[in-house]
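I have placed the structure first, in the form of C-alpha cells, so that the comments after it can refer back to it.
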Amino acid sequence: MLAPVIHILPMTTILRQRLLPSVGRVLVRLNQKVAPLDVVAETNLGKEHILVDIACLLGISPDKADQLIRCRVGERLTSKQLIAQLPGLISHSVSSPKDGRVVAVGGGQVLLKIGDPVFELRAGLPGTITRVIPERGVDITAHGTLIQGIWGNNRVDMGLMLPVPQLNSPRDVLEADKLDISLRGSILIAGHCSDPHALQVADELPLRGLILGSISPELLPIAENLHFPIMVTDGFGHHPMNAVAFKLLISNTKQEVALNSTSYDRYTGSRPEIFIPLPAAQPPQLAQDSVEFSNGQQVRIRRNPNMFEVGTLTNLRSGLSEFPSGLYLPAADVLLESGQKVVVPLVNLEILG
Amino acid sequence: MPSSLIDADSVLAVDVGSCTTRAMLFDVVEGGYRFIAVGQAPTSAMAPVKDVGEGVVRAIENLQETTGRLFLDSNRSLIIPTKDGVGIDSFVATISAGPAIKTVIVGLLDEVSLQSVNRLACSTYANVVDNIGVNDPRKPEEQIDSILHLEPDLILIAGGTNDGAIKSVQKKIDIIGLACFLMSAENRPTVLFVGNQAVAKDVTESLSSLTSSLNISPNIRPSLDVEDIQPASYKLANTFMQIRRNKLGGVEKLASWANGNLLPTAYAQGRMIRFMSQTYKSKGILGVDVGASATTIASGFQGELALGVYPQFGLGENLSDLLRYTSLDDILRWLPLDIPANNVRDYLYQKSVYPDSIPVTIEDMAIEQAITRQVLRLAIETANKEIPANFQRPSSGGFPYFEPILVSGSAITNAATIGQGLLMILDGIQPVGTTTIVLDQNHLLPGMGAAAGINPILPVQIIESGAFMGLASLVAPISNVRLGTPILRGRLVTKEGTETKFEINQGTLDVLPLLGGQSGQLFLEPLHRSDVGFGPGHSGEVQVSGTQIGVVIDARGRPIQLSKENGRRFEMNKKWIWTLGG
C-alpha cells in the first residue's frame, strides 16, 4: 500500500517549484542564490476595473460612441482626461473617472484597469535557482533540515529560531506572559496555543514566525490574519508536538531558519515547512515523496489513540486486525518511542522521512 | 478499441472516489449479469502521485487477486476486449475525486433562471462562489472584478425563456466575455450556456475564443412555468468531466480506457435512481450516498429525478467548514457518550486534513457517526426543498414517502455493525410511512449507472440478482401525541403462518424479526390518527420481505424528539443501538 509521507529530515535536498498565478516576468537567473524573501518573479494582478459606458452617458448608439472614443487599448489615462466628446452647439463629453489603463474598447464602452498591483512571488526558502520556467516561475534547490506541517497561514519569513521561554517539553503552551521584547523578530517554537491573547501579543512584538505542535481550531481565524507566518506541525486540539519534530527544532535553536507557512493542499502537495539551510559537501538525496509501507520505517500516528506519537513500524500484519471501534482493518505493529507496542490501521499512519 | 457493451459479457466498472478507488466486476453467470467481486485501493489523485491511474490500477490488481482473473497486461494496461480468457469486454468509470468545481452562476431573475441554474449546479460537484442576475446591485465592473478575483473553473449561464429576453442575456454575456478576456489564457473558465436558444449563436461568437471550453445546452427554462434540467444536466456532467480531465492527472487515460463511458459518480447514481423509479411506480425512490467528497441525494418518481450533490456536506476535506452550516450542539445531540464539545470540533478539523483516516476508538467512532447523522440530516433537509411537489407526502407535509431507500457510503456501509449503520440512516434521513432500507455496500450503483447508458440489461439483472443488502423493512408512523401514548397496533403474519402482535408507543423504536428468505404480511392499525402512509388514522396492510434486521418500527416522531437532558439522551441513543442489534 502506498504510504503518505511527511518530511521531518535532519539533512536532505529539496526541490521546490514556485509559479506565478498567471504569466509574468521571472526576475532571477539560472544558478542564482536566493533568500526566502527574494522576489523571484512578478506579475500584474490588477483586479479592479471601471466600465465607462460612453454610449449610455452620451445617449447615442454604441457604434456612434465607438467613433467618438479617443483612447486606445493599452493607453494610460489620468483622472478627468477626455475619453469621448459629442460635437454640437452644446458639446457633451465623457472623461476618465480615475487614473487607469485602457484594457478594452468596444460596444460604446471603455474598460479601465485601476491601479496596477504587482504580485510578487517570493523564493520561500534559501537555495539556488536550478530551472527557470520562462514567464511563469522557477525551481529552487536547497540542502538542509526540513520539517513539514499540516496547517499554515500563507506567509513567508526568515529569522532566528528560539524556543518559547521555559519550554521544556513538546506539551508546553504558548502564553502571552511568556512573550517579551527580547523575542522580537524571532521565530518561536511552542507545543500548543489556545489563547487568542498570546497570538495578539506575538503580533504586536512582532514575531517573525511561530511553530506550534497543535492549535485550537477557534484560533484559526485570528491566526490567518496575523502578519507573521504560523505553522502547525501536527494538528488541531490540545496535543503535544510530535517528538521527532520537537527534537529537531530544539537542536537547531539559534539558527536562521526559513518559515514558509503555505496552506496544506492534498491535491498539489503544498505544505507549510521550515527549512534550515546547511552546507553539504556531497548533496544529500532528494526527499522521497512516495514509498510503500515496510518494516523499520519511522511513522507518525494521525488518529486517536496515541495521536501524533512517533514510532517504528515493526510488522505489517497479514489480513485484517480488529479495533475497539469494532472495525477490521489492514494494520501494522508500531513500537512507540515510549517502548509501548501498539497496533495501528495503515490508513492512520504516515511515514516520517 | 473496446468492443460495444451491447454484445459484451464481462464489464469492469471503476469508481474513483475522494478516498477510495473501487474496481467492480460484473459478468454473466447462468444467463444473467451478476456482481462478481470488488477490488479497492486508496485513490491516488492527490500528491505525491497526482494521477488517478495508480489507484485505478491497484484496485484492479486487488480485484485480480480476489478473482484469480487477469485484466491488466505486463505494462499495467487494461486488456480490452477479452482475449484468450484474459481481460475484460467492457470498461466504464465514474469519478467524484477532486475538489468541488468553483462555479459562478449567471441568470436573469432570482426566482426564475437563477433558481433553475442553481439547481443545475447542485446536480454535480460544484461549489457556487457567486451568482450574477439582473437584480444584482453591483455595477458591471464590480461583477467583472468578482469573477477575476474568484477565478472560477466553470461559469453556468442561464436566462431568458425561448423567444423571450435577448438584450438582458446579451448584457450578461458581455460581462462574462469581458471578465474572461481579462484573464490569462490558462486561467480561463469553461462556460456552459443553458439559456435562451435565440442567443446561443451570439454566445458562441462572443465567448468561444475567450473560454477554456464553451458548451451550449437546451434552455433549462424554456418558458416561465417550465423547468427542464435533464438535458443540461447531462451536458453539465460532460462539462464536469472536461474540467476533471484538464485538472486531474490520469483522468484523460481513464476516459480513453472507458471509451467515453466516464461519468461523474453522482450523475451515474442519479441515472440509476431515475431508471429504478420507472419500475417502483407507487412511491418515489431515494438514493443516498454519504461520501468524502459530497453527500448525494437522488430522488426519483416515475422517471423524474431530483439530484442534489452537496460537497459542503461531504465527510472529507470540507468538514472543517461544516460548522458554517450547523452548530456543534446539533452534532453533539447524536452522541451516545459524554464527549466534550471541543473534542468534536477538533475531530472535524483533524478529519478534514486526513479524510481517509478511520476511527479506532469507541469515542472516535461515536463522533464519526454523530457527524454522519448530522451531515445526512443537513443534506436531506436541503434536498427536500428541491423535491418536486408531485412526490407523494404525508398529509401533514414534510419529507415524501419513498420505497425503497438505497444507501451507500463507507461511514454507513462499513459501520462496525449493521445496526449502527441502520440507526445512522434512520436518524439522518428520518423516513416516513412504510419502506425498505437497502444497502449498496459495494458502491455498485454508480458503476451500474455508467454501464446502463449503453447496456440497459446489466442494471436490471444486477438489481434482480440481490447484489444489494436488504437491511430493514421500516414502518415510521407520524403522530403528534405525547410520548408513551400508543400510536400503532398491528400484527405480522409470516408466510409460514406465524403471527406476531404488537402495540407501539410514541417515542419508541422496536424490531420484529423477519429474516432474509422469509416474507409476510404486515397489518397496521394506526391509533390516535397517526399516519403510516395510508392517511391519518387509516389502517392498511403491506407485504414485507425478510431483511438483515427485520421489520423496524420507528415511532420516535418526525422530527425525532431527543431529550435535552444529556444523561437521558445518552441512554436513549444507546438503547436504540441495542434495539437494532448493537
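The values are calculated or read from the model by the stated rules, or taken from the named source; none is laboratory data. None of these values were measured; they are calculated from a predicted model. Cβ sites come from the backbone with ideal geometry, for glycine too, and all protein chains shown count toward neighbours. All accessible areas refer to the heavy atoms of the entire protein, side chains included, with ligands and DNA or RNA removed. Shrake-Rupley method; radii C 1.70, N 1.55, O 1.52, S 1.80 Å.
Brief remarks follow.
- Local electrostatic count, residue A:217, Cβ distance below 15 Å [Lys/Arg +1, Asp/Glu -1]: -4
- Relative contact order (%) - criterion: Cα under 8 Å, at least six apart; region: chain A: 19 percent
- The range B:444-490 - convex hull of alpha carbons, volume per residue in Å³: 139 Å³
- Computed on chain B, with alpha-carbon pairs under 8 angstrom and 6+ residues apart, the relative contact order is 11 percent.
- Measuring only protein heavy atoms, the 1.4 Å probe finds residue A:253 accessible over about 40 Å².
- Shown here is the pair-distance distribution of the protein assembly as shown: with all Cα-Cα distances grouped in 20 Å bins from zero up to the longest one, the shares run 13, 40, 36, 11, 1, 0 percent.
- Centre-to-centre, using Cα atoms only, the range A:22-88 and the range B:411-432 are separated by 58 Å.
- Net charge over other residues, Cβ less than 15 angstrom from the Cβ of residue A:179 (K, R count +1; D, E count -1): -4
- Counting only other chain Cβ atoms within 10 Å of each residue's Cβ, the peptide A:233-239 averages 4.
- Over the protein assembly as shown: helical MRE at 222 nm, DSSP H runs n ≥ 4 each giving -39500 (n - 2.57), nearest 500: -7000 deg cm²/dmol
- Globularity index of chain B, i.e. its alpha-carbon radius of gyration over 2.2 N^0.38 Å: 0.99
- Solvent exposure ordering (accessible area, 1.4 Å, most first) of B:338, B:174, B:228, B:89: B:338, B:174, B:228, B:89
- Per residue, in Å², the accessible surface of chain A once ligands and nucleic acids are set aside, probe 1.4 Å: 44 Å²
- At the residue level, residue B:356 shows approximately 60 square angstrom of accessible surface with a 1.4 angstrom probe and all protein chains present.
- Kirkwood hydrodynamic radius computed over chain A comes to 23.6 Å, based on all pairs of distinct alpha carbons.
- Applying 0.36 nm per residue to the separation of residue B:561 and residue B:341 and subtracting their alpha-carbon distance, the gain on full extension is 77.1 nm.
- For residue A:227, the solvent-accessible surface computed with a 1.4 Å probe is close to 150 Å², ligands and nucleic acids excluded.
- Residue with peak Gaussian network fluctuation, chain A [Cα springs, cutoff 10 Å], from A:75, A:48, A:120: A:75
- Extent along principal axes [Cα atoms of the range B:103-244; Å; largest to smallest]: 39, 33, 26
- Residues A:92, A:49, A:143, sorted by accessible area with the largest first, give A:92, A:143, A:49 [1.4 Å probe; ligands and nucleic acids excluded].
- Residues listed by number, the range B:300-332, amide nitrogen under 20 Å from residue B:247 label point at 7 Å toward C-beta: B:308-322
- If R0 equals 35 Å, the separation of the Cβ atoms of residue B:579 and residue B:278 corresponds to a calculated FRET efficiency of about 0.45.
- FRET efficiency, residue A:180 to residue A:335 (Cβ-Cβ, R0 25 Å, nearest 0.05): 0.05
- Modelled spin-label separation between residue A:154 and residue A:15, with each label point placed 7 Å from Cα along the Cα-to-Cβ direction: 2.8 nm.
- Antiparallel bridges, percent of DSSP beta bridges restricted to the protein assembly as shown (to nearest 5): 70 percent
- Its residue count N fixes a reference of 2.2 N^0.38 Å for the range B:1-156, and the Cα radius of gyration divided by that reference is 1.45.
- Unit charges at the beta carbon, dipole of chain A: most positive-side option, A:9, A:278, A:182: A:278
- Antiparallel bridge percentage (DSSP; both residues within chain B; nearest 5): 65 percent
- Springs between Cα atoms under 10 Å define the GNM used for chain A, and in it the highest mean-square fluctuation of A:88, A:311, A:159 occurs at A:88.
- Distance in nm between pseudo-label sites at residue B:34 and residue A:90 (7 Å out along the Cβ direction from Cα): 9.1 nm
- The range B:493-511 versus the range B:244-306: alpha-carbon centroid distance in Å: 37 Å
- Here the scattering of the range A:231-353 is modelled by Debye summation over its C-alpha atoms, one equal scatterer each and no solvent; at q = 0.11, 0.13 Å⁻¹ the log10 of I(q)/I(0) is -0.46, -0.64.
- Separation of the residue B:185 and residue B:325 label points, Cα + 7 Å toward Cβ, nm: 3.9 nm
- Inter-chain Cβ neighbour count for B:44-52, averaged per residue, equals 4 (cutoff 10 Å, partner chain atoms only).
- On the beta carbon distance between residue B:151 and residue A:70, with R0 = 41 Å, the FRET formula returns roughly 0.80.
- Shielding of peptide A:41-52 by partners, expressed as the average count of other chain Cβ atoms within 10 Å per residue Cβ, is 4.
- Highest-first arrangement of B:505-516, A:341-352, where packing means the average Cβ count within 10 Å: A:341-352, B:505-516
- Applying 0.36 nm per residue to the separation of residue B:223 and residue B:392 and subtracting their alpha-carbon distance, the gain on full extension is 58.3 nm.
- For the range A:167-173, 3J(HN,Hα) per residue [Karplus equation, 6.51 cos²θ - 1.76 cosθ + 1.60, θ = phi - 60°, Hz, x = Gly/Pro]: 7, 10, 8, x, 8, 5, 9
- Note: relative contact order over the range B:271-318, using C-alpha pairs below 8 Å and six or more positions apart, is 36 percent.
- The Rg/Rh ratio of the range B:243-352, with Rg taken over Cα atoms and Rh as the Kirkwood radius over Cα pairs, comes to 1.10.
- Counting protein heavy atoms only, chain A has 51 percent of its accessible area on carbon and sulfur, 1.4 angstrom probe.
- Interface residues in the range B:408-443 - accessible area drops by 30 Å² or more relative to the isolated chain, probe 1.4 Å: B:416
- In terms of the mean number of neighbouring beta-carbon atoms within 10 Å, the peptides B:383-392, B:21-30 order highest first as B:21-30, B:383-392.
- List A:80, B:139, ordered by accessible area with a 1.4 Å probe, largest first: A:80, B:139
- Look at the dipole of the range A:25-125 built from charges on Cβ: of A:119, A:92, A:40, the Cα furthest out on the positive end belongs to A:40.
- Interface B:A - total buried accessible surface [probe 1.4 Å, Å², rounded to 100]: 4100 Å²
- Put simply, the amide H of residue B:132, placed in the peptide plane, has neighbours under 5 Å in B:105, B:106, B:107, leaving out anything fewer than 5 places away on its chain.
- Span-rule helices in chain B, defined as complete DSSP H runs reaching 30 Å or more along the axis (Cα) with Kyte mean at least -1.0: B:362-384
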